[in-house]
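The values are calculated or read from the model by the stated rules, or taken from the named source; none is laboratory data. Model, not experiment: these values are computed from the prediction. Glycine also receives a Cβ, built like all others from the backbone with ideal geometry; neighbour counts cover every protein chain displayed.
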Amino acid sequence: MLSNTRAKILSIDYRFIRRTIINLCARRPRDLEQAIIIGDRLNSGLMHSPLRNLFKFSIPKNISASLFDLEFPSPIIAASFKDDIDALFQWQLLGLGGITYKTVLKTPSDGNKRPRIQEIQYNSHYGLINSLGLPTKGLEHFVSNFDNKQILSFNRPVGISIGGNSLDEYLDVFNKIHLKVHSLDFKKVFYEINISCPNTQDGKCLSDNLEDLSSLIRAIRSVSSNIVIVKVSPDSNDEEVLNICELLSNFEKCAINVGNTKYISTQSVGLNANEFSEEGGGLSGIALFENTLKRVELVHNNSKIPIIATGGIMDYNQVKAVQDKGAILIGMATQLVNDPFKIPQINTKLSHAF
Ligand SMILES: Cc1cc2nc3c(=O)[nH]c(=O)nc-3n(C[C@H](O)[C@H](O)[C@H](O)COP(=O)(O)O)c2cc1C
């Protein structure tokens, strides 16, 4: 009870500080990324001070979830969108059952021009639009830093999201990462293949070519028995999603993640050209939820592939709804930016639901 009150107080404080930082950064043109950078620095300072104990919440014993041979102490995990170690550390302290690193690409890239992430209202719902364009420190950097003790010390599953601009690039990224993973004592690694990429220049990706996707999974399976999750876009239609499920059913230990951000134009959310560098980007947040729920139901009713529900999960009600429709794990991104103190509150409510 006391820890739930602590979570609620921290939640209010966090949202107040966050809003203050955003308002301070609200110069014209506004740029949410500036506020995120400042927030990450503040958070980093906190995580390296004794104050970090304030963020420590235990996970109730009765809410764990299993995906094949991996046990997640809470079914809520960080969706792939962040590689800041201190943030990933903080979210685990708060009670996430596992994390997924931001998509790794072969070569370092700055991504698209700023401004490229903004807060928006979409159909009267709060959300984010981003066209980061997969900025990445690149494969070499990831591999050299993956054995971070801070992250692995939780001994909870860690996902690595693999991206590429061609089948060969996906394979290069996987092979190098897997060599590193194989050399470690830490065994709780899963791979997630990011086949949905609304922010790449030509919009083309592995979801357009199931033969390549099949070749990639076959190549992974020839050297690794780690769980493989394929993350699909809400922009793909029902038939495409079910085709991917069928493909996955030919392999062992594969799951599907529904899903990624949904492409929308900046015009549809009233952003000016000086507030966003691209003509459109990926919508995230509560507006995605209805579609996520439908997708979970679709996959659950038509296939045996385990489901990770991502997209618009902000609170206990959404977690419970997707669990009731058959999701095993629940990925969260926008709510971790908005208010990560929801994690212990949702964990507590889940434990009371049993
Ligand atoms: C700023 C930002 C960056 C993201 N980067 C990635 C990424 O690198 N790889 C990926 O698979 N999904 C990425 N996503 C998508 C999220 O993982 C998630 O699928 C999506 O935001 C929907 O979940 P949400 O409504 O909880 O935010 C990103 C989302 C945001 C908001």
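Residues in segment 34-51 that are surrounded by fewer than 16 Cβ atoms within 10 Å (Cβ to Cβ) and either assigned to a helix (DSSP H, G or I) or touching a residue at least 60 places away in the same chain (Cβ under 8 Å) (or both): ILE37, ILE38, ASP40, ARG41, LEU42, GLY45, LEU46, PRO50, LEU51. Here GLY138 does not fit the description of being closer than 21 Å to GLY280 by Cβ, small (Gly, Ala, Ser) and touching a Ser or Thr at 6+ places or on another chain (Cβ under 7 Å).
Please determine, by comparing only the residues of segment 88-121 that are free of Cβ contacts under 8 Å to residues at least 60 places away in the same chain and not in a loop (DSSP other than H, G, I, E, B), which one is nearest to the chain's Cα centre (by Cα). Only one residue tops the list, namely LYS102. SER196 passes every criterion in (1) at pLDDT 95 or above; (2) within 20 Å of the chain's Cα centre (by Cα) apart from (1). Please work out which residue is surrounded by the fewest Cβ atoms within 10 Å (Cβ to Cβ), limiting yourself to segment 91-116 and to residues that are within 19 Å of LYS231 (Cβ to Cβ) and within 12 Å of the ligand (Cβ to nearest atom). Applying the filter and picking the extreme gives GLY111. Taken as a whole, the structure leaves VAL230 outside the set of residues that are of a type outside the set (D, E, K, R) and touching a Phe, Trp or Tyr at 6+ places or on another chain (Cβ under 8 Å).
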